[in-house]
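**Q** One structure follows; several queries about it will come next.
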Amino acid sequence: MNKGTDNKEAESRGSDNKKADRPRTLAITGLPGAGKSTIAAMFGELGAPVFDADAVVRQLYGPGGAAVDALLRRWPDVVDEQGGISTGKLRARLLANPAMFDELERIVHPLVAEARAKFLRDAAGQGAPLAVLEIPLLFETGADAEMDIILLADAPQDVRLQRLRQRPGFDERLLHLMQERQLPLDEKRRRADAVIGTTAPLSEVREQVRRLHARLGSGLNK
């Protein structure tokens, strides 16, 4: 399924919800390996400020990160050699006890929300007409309510798995646990305003991104 970037619902939703004191907000979501970062980078190349929720989490887990103290109070054995959070040790704990996801998210998600709010304030201060936010758990955290436009990056399961297996530290067992906690893909497609399939040639994906950026970034429905 590919609604494409000419979806009229995407245009009207953005127009109705846009506020004068902040940029129009476009959230990119999708399952792991779907191509979210590729699409976000294309928006960045066009000059849009981009928020990367996964990058924020990595900062929160790093030495001195805002999540470190709370996580180490709860699970002191997940510390790494630099005093941050060892993602390998954390991953092992999650695999052994999937119920730990709930507690982990209660600690981390509010901190990500704070970083997201700061990003939007900064984008508004820069006068950006469009702010792009890459948020894997957009619907699951309720952050979709804050967005004007929701764009789903999409790819078939076999393509997603092929991409993920090329990443260092990939664990298919953890992937299954994470995906079980997400909305089904069909529901994500239904709730998205537009869908971009990332198995198309990059030139085609880039052109879809360019059209959407031109429409939303200018504030005009073309």
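**Q** Among the listed residues ARG167, ARG163, ARG190, ARG173, which satisfies the condition of being over 15 Å from the mean Cα position of the chain (by Cα), over 17 Å from PHE43 (Cβ atoms), modelled with pLDDT of 95 or more and surrounded by fewer than 13 Cβ atoms within 10 Å (Cβ to Cβ)?
**A** Details: ARG167 fails: modelled with pLDDT of 95 or more; ARG163 fails: surrounded by fewer than 13 Cβ atoms within 10 Å (Cβ to Cβ); ARG173 fails: modelled with pLDDT of 95 or more.
Just a single option satisfies the conditions, and that option is ARG190.
**Q** I'm checking my understanding of the structure. Among residues of the range 75-133 that are part of a loop (DSSP other than H, G, I, E, B) and of a type in the set (Asp, Glu), which one is nearest to PRO168 (Cα to Cα)? Let's see the steps before the verdict.
**A** Within the range 75-133, the first condition is being part of a loop (DSSP other than H, G, I, E, B), and the residues that meet it are 75, 80-84, 86, 97-99, 126-129.
Right, trim to of a type in the set (Asp, Glu) and you get 80-81.
Values: ASP80: 17, GLU81: 19 Å.
Only one residue tops the list, namely ASP80.
**Q** Take the residues of the range 124-155 that are at pLDDT 95 or above and among the β-branched types (Val, Ile, Thr): which is farthest from the chain's Cα centre (by Cα)?
**A** Result: ILE149.
**Q** Further question: Just to be sure before I move on: is LEU220 part of a loop (DSSP other than H, G, I, E, B) and either modelled with pLDDT of 90 or more or exposed (fewer than 13 other Cβ atoms within 10 Å of the Cβ) (or both) in the structure I sent?
**A** Numbers: part of a loop (DSSP other than H, G, I, E, B): yes; either modelled with pLDDT of 90 or more or exposed (fewer than 13 other Cβ atoms within 10 Å of the Cβ) (or both): yes.
In short, yes.
**Q** Could you identify the single residue in GLY14, GLY44 that is at pLDDT below 95, farther than 25 Å from LEU177 by Cβ and either within 19 Å of the chain's Cα centre (by Cα) or part of a loop (DSSP other than H, G, I, E, B) (or both)? Can you show your working first?
**A** On the way: GLY44 fails: at pLDDT below 95.
Being at pLDDT below 95, farther than 25 Å from LEU177 by Cβ and either within 19 Å of the chain's Cα centre (by Cα) or part of a loop (DSSP other than H, G, I, E, B) (or both) holds for just one of GLY14, GLY44, which is GLY14.
The values are calculated or read from the model by the stated rules, or taken from the named source; none is laboratory data. Given the structure is predicted, the values throughout are model-derived calculations rather than measurements. Neighbour counts run over all protein chains shown; Cβ positions are idealised from the backbone, glycine included.
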